[in-house]
Amino acid sequence: MGELYLVRHGQANSGAKTEEEYDRLSDLGHRQAQLLGTWMRDHEAPFDQVLAGSMRRHRETAQGMGYTPDITDPRLNEMEYFALARDMLTEHGVNPPSTPEDFAAHMPQTLAAWEQATIKGGEPFATFEARIMAALSEAAKPGKRVLCVTSGGVISMVMRVALGLSTDQMAHMLLPIYNSSLHKFRIRPEGTFLTAFNAIPHLDPPHLADHRTNL
């Protein structure tokens, strides 16, 4: 039996208007990563391999946790959400979200349009799915413990494939994913099975309630 641990990056620059502006951790994001790393060293066995996407927020999260990735793999990078939002405006007249409530309504619409290929963003939906699953199928092997630092969209896509979710269900799994959250899968010859979703044990103490963020 193998184990695959997926970690969402710490809080990024949530006030950004472009992919480049978004791609760095906030002060709180650095703190979340540090707290998660401390918790994992106290509670988890060592990993056989550590992976990370190639985005700055992935690297900063891994470093903050105290891990040096064995492999930096751009196939584990997030969807280009700002490009998808621009396409939604151009092709469907749907304005980009300006509040968390707007974002919660916008994401399901956007993923549905992306899957149906009425928008493309930076890449087709099928390409996004294929690259993620190819990267993880290479890494996740029976008998190995693998840690992967990535993004919420990547995690929700893995959930979609592992649990057979619709795109609408995938969107609603994506929305509540916490920054620096931990998601665990058991790897067996007959398949990949979810054992933990959206865990934040490092942020459980009441005095850290203000460290729990989704955006």
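The table below gives the values:
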{"read-out": "Å² of accessible area per residue within the range 87-157, as computed with a 1.4 Å probe and no ligands counted", "value": "44"}
{"read-out": "Relative contact order %, the chain, counting alpha carbon pairs below 8 Å whose residues are six or more apart", "value": "31"}
{"read-out": "Candidate residues HIS30, HIS202, HIS207: accessible-area rank, largest first, probe 1.4 Å", "value": "HIS207, HIS30, HIS202"}
{"read-out": "Value at 222 nm in deg cm²/dmol, rounded to 500, when DSSP H runs of n ≥ 4 in the chain each add -39,500 (n - 2.57)", "value": "-13500 deg cm²/dmol"}
{"read-out": "Under 20 Å from LYS184, Cα to Cα: lysines that are on another chain or at least 8 residues apart", "value": "LYS141, LYS144"}
{"read-out": "For the range 8-32 versus the range 152-168, the gap between their alpha-carbon centres in whole angstrom", "value": "22"}
{"read-out": "Whole-percent carbon and sulfur share, accessible surface of the range 77-203, 1.4 Å", "value": "53"}
{"read-out": "Under Karplus coefficients 6.51, -1.76 and 1.60, residue-wise ³J(HN,Hα) of the range 46-56 in Hz, glycine/proline x", "value": "x, 9, 6, 8, 10, 10, 8, x, 8, 6, 4"}
{"read-out": "Among PRO189, PRO96, PRO124: highest mean-square fluctuation, GNM of the chain, C-alpha pairs under 10 Å", "value": "PRO189"}
{"read-out": "Alpha carbon centroid spacing (whole Å) that separates the range 182-215 from the range 124-139", "value": "21"}
{"read-out": "Cα-based reach from LYS120 at 26 Å (exclusive), listing lysines while leaving out same-chain residues under 8 positions away", "value": "LYS17"}
{"read-out": "Taking the range 1-90 and dividing mean pair separation by its residue count, relative contact order in percent (alpha carbons under 8 Å, at least six apart)", "value": "27"}
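The values are calculated or read from the model by the stated rules, or taken from the named source; none is laboratory data. Because the structure is a prediction, the values reported are computed rather than measured. We work out accessible area using only protein heavy atoms, side chains counted, and drop any ligands, DNA or RNA first. Shrake-Rupley method; radii C 1.70, N 1.55, O 1.52, S 1.80 Å.
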